[in-house]
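The values are calculated or read from the model by the stated rules, or taken from the named source; none is laboratory data. Note that the structure is a prediction, hence the values are computed from the model and not measured. Neighbour counts are summed over all protein chains in view; Cβ atoms, including those assigned to glycine, are modelled from backbone coordinates with ideal geometry. What goes into the accessible areas is simple: the full protein's heavy atoms, side chains included, and nothing from ligands, DNA or RNA. Shrake-Rupley method; radii C 1.70, N 1.55, O 1.52, S 1.80 Å.
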Amino acid sequence: MEKPEHPYRISQVAVVVRDLDAAMKAYHEAFGWGPWNVYEHVPPKLHDQHLHGQPANYSMLGAECEVQPGLVFELIQPLDGDSIYKEHLEKYGEGVQHIALMQHSAAESDQFKQRFVDAGYPMTMGGKIGDTIEFYYLDTMPLLHFVAEAGSGHAIELTPVRQYPPADA
């Protein structure tokens, strides 16, 4: 694989967990990270999901906080359906599951995806959130020893269902 024209920037590091609340508390107490915005990624807002090349139905809870300007740390607790999050928990337990390199536009996202697929690193999972957000994961484990996430869209569509710690805490 040839070097890209410009370096890709890390936008997010994500850990899969079994208990989102316990994990937010642990990271908050250990590192002072927060506040965490908690999101429910469930249908119908979550749609067009796929897993290993087949249509799929899965859902998850996500919690995000900015740990430094432009870098988000995310916790993901899988809910219903099969997903690469559940596969990671079964095989490795809790821990870093992916590093995101989100792209600015749909065209850049498609180019990123095609570059890796053409090099033999297919999509393992993906979907859409709302009208503008696409996300997908590439099987980059053999090359990089982590899963790469990319996609495009506007996070302004995401509305947290709650925050940790609560504002009144």
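Here are some notes:
- All lysines inside 17 Å of K113 as judged from Cα atoms, apart from same-chain residues fewer than 8 positions distant: K3, K128
- Carbon and sulfur %, accessible surface of segment 33-169 computed with the full protein complex present, 1.4 Å: 53 percent
- Interchain or long-range residues, amide H under 5 Å from V17's placed H: I76, Q77
- Between W33 and R18, residue separation times 0.36 nm minus the direct Cα-Cα distance comes to 3.5 nm.
- Multiplying each eigenvalue of the alpha-carbon gyration tensor of segment 82-169 by 5 and taking the square root yields semi-axes of 25, 20, 10 Å, largest first, rounded to whole angstroms.
- Under-5 Å amide H pairs with L101, H placed in peptide plane, nonlocal only: S11, E149, A150
- Check: segment 47-145 dipole with +1 on Lys, Arg Cβ and -1 on Asp, Glu Cβ, in debye: 200 debye
- Theoretical FRET efficiency, 1/(1+(r/R0)^6), r = Cβ-Cβ of D118 and E5, R0 22 Å, to 0.05: 0.90
- Here the Kirkwood formula, the inverse mean of 1/r across different C-alpha pairs, assigns segment 7-95 a hydrodynamic radius of 14.0 Å.
- Average accessible area per residue (Å²) across segment 1-82 - probe 1.4 Å, nucleic acids and ligands excluded: 59 Å²
- Calculated from the structure at hand, semi-axes √(5λ) of the Cα gyration tensor in Å is found among (i) 37, 20, 12; (ii) 46, 23, 16; (iii) 25, 18, 17 as (iii).
- Shape analysis of segment 43-123 based on the Cα gyration tensor places the equivalent ellipsoid semi-axes at 21, 19, 15 Å, largest first.
- When you count the other C-beta atoms within 10 angstrom of each residue and take the mean per peptide, 9-16, 46-53 line up highest first as 9-16, 46-53.
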